[in-house]
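The values are calculated or read from the model by the stated rules, or taken from the named source; none is laboratory data. For clarity, every value in this text was computed on a predicted model and none was experimentally measured. All Cβ positions, glycine included, derive from the backbone under ideal geometry; neighbour counts span all protein chains shown.
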Amino acid sequence: MPDFAAQIPKAELHVHLEGSVDAETLHELDPATPLEDLRALYRYPDFDGFLKSFAAVVKRLARPEDYALATRRLLERLAAGNVRYAEIILAAGVVLWKKQEFGPIFDAISDAAHGSSVEVRWILDATRQFGVEPAWEVARLAAARQDRGVVALGIGGSEERGPAEWFGEVYAFAKSAGLHLLAHAGETGGPESVWAALKLGAERIGHGIAAARDLELLRHLRDRDIPLEISITSNLVTGVVKKLEDHPIRALYDAGVPLVLNTDDPAMFGCTLVDEYRLAARQFGFSEAELRGIAEGGFRYGFGWRGGR
């Protein structure tokens, strides 16, 4: 299984660029700050603590060149794990919150992705708790960059402080502009959060593990072939799943819900996509055939995969 997990071609559909930035990369950007001080940014007690740590890391990405370095480092690690295709989430809402100019940052990451063996598409993410008006701006930025690899609009952040119902008109605009639609949901929220994301038109659900508690929702996801983007280690480290053996990935899979495996924020959670495949096999009994099917689904459910495997 270790060789299989490393060698099988994989797609990564849920990875945050900012969450892939490790302490060593921050140290490259800021050699004057001791490495141990930077590593302390990656320690947090719970999901809210994680959001604060995420914000602290993002604040250190001050220039377009910083985002470019983050992109190159992420793609190097993805390629090393035989990831062939990635839809990388950029927290555009946080860029705006930092009052940075978005265009040069997007130009920098787009240029940094050229020449990689990983085929890349981009998802622009609005931050739920920032409200509707910033989400409108993110949607417009995404719609204007579809010819440069932006394939979808998403919302992340706090489900509780930014309910999906706020964003109906924003999502309607994004859909009419030709963008695909995503939403983080059912991570810290319950099944009702997933239902709300589906009402927005979400075509994939980031996390969605709360669906395991709603039989009607399980049937809906199965029958409409709507995949959940599962990140086992993420859910454990943020505390939304208290014990590894309690993670519902096996129950979701056995219920016929389409799944794709992902890292979410690999630097903040200390994982790789190869690790996630190995964990699914070791802890939850997934066979090579089952994991091969999940890996193939990663390409099938991608919004912009064009290459051969």
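Condition check ((1) touching a residue at least 12 places away in the same chain (Cβ under 8 Å); (2) of a type in the set (D, E, K, R); (3) more than 12 Å from Glu229 (Cβ to Cβ)) across all residues:
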{"residue": "Val170", "(1), (2), (3)": "yes, no, yes"}
{"residue": "Lys175", "(1), (2), (3)": "yes, yes, yes"}
{"residue": "Leu182", "(1), (2), (3)": "yes, no, no"}
{"residue": "Gly186", "(1), (2), (3)": "yes, no, no"}
{"residue": "Gly189", "(1), (2), (3)": "yes, no, yes"}
{"residue": "Ser193", "(1), (2), (3)": "yes, no, yes"}
{"residue": "Ala196", "(1), (2), (3)": "yes, no, yes"}
{"residue": "Glu203", "(1), (2), (3)": "yes, yes, no"}
{"residue": "Gly208", "(1), (2), (3)": "yes, no, no"}
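Would you call Val95 touching a Phe, Trp or Tyr at 6+ places or on another chain (Cβ under 8 Å), buried (at least 17 other Cβ atoms within 10 Å of the Cβ) and either in contact (Cβ under 8 Å) with a residue 60 or more places away in the chain or part of a helix (DSSP H, G or I) (or both)? Yes, satisfied. The number of residues in segment 118-165 that are among the hydrophobic types (A, V, I, L, M, F, W, C), assigned to a helix (DSSP H, G or I) and crowded, with 16+ Cβ neighbours inside 10 Å comes to 9. Candidates in segment 256-273 are the residues that are touching a residue at least 40 places away in the same chain (Cβ under 8 Å) and more than 16 Å from the chain's Cα centre (by Cα); of these, the one that is farthest from Glu12 (Cα to Cα) is Val257. Tally the residues that are touching a helix residue (DSSP H, G or I) at 6+ places or on another chain (Cβ under 8 Å) and in a helix (DSSP H, G or I), restricting the search to segment 35-51. Residues flagged as touching a helix residue (DSSP H, G or I) at 6+ places or on another chain (Cβ under 8 Å) and in a helix (DSSP H, G or I) within segment 35-51 amount to 6.
Note on segment 87-104: residues that are closer than 16 Å to Gln146 by Cα and hydrophobic (A, V, I, L, M, F, W, C) total 5. Considered as a group, the residues in segment 239-255 that are aliphatic (A, V, I, L, M) and assigned to a helix (DSSP H, G or I) include one that is nearest to the chain's Cα centre (by Cα), and that residue is Ile249. Out of Val194, Val237, Val260, Val241, one residue alone is among the β-branched types (Val, Ile, Thr) and either surrounded by fewer than 17 Cβ atoms within 10 Å (Cβ to Cβ) or over 30 Å from Gln7 (Cβ atoms) (or both). It is Val194. For segment 1-34, a residue qualifies if it is assigned to a helix (DSSP H, G or I) and either under 12 Å from the mean Cα position of the chain (by Cα) or of a type in the set (Phe, Trp, Tyr) (or both), and the qualifying residues are Phe4, Glu18, Gly19, Ser20. Residues in segment 224-258 that are out of contact with any helix residue (DSSP H, G or I) (no Cβ under 6 Å at 6 or more places or on another chain) and basic (Lys, Arg): Arg224, Lys242, Lys243.
Take the residues in segment 211-238 that are under 17 Å from the mean Cα position of the chain (by Cα) and of a type in the set (Gly, Ala, Ser), then tell me which one is farthest from Met268 (Cα to Cα). Checking each candidate, the answer is Ser231. Considering each residue of segment 34-42 in turn, at least one proves to be surrounded by 15 or more Cβ atoms within 10 Å (Cβ to Cβ) and at pLDDT 95 or above.
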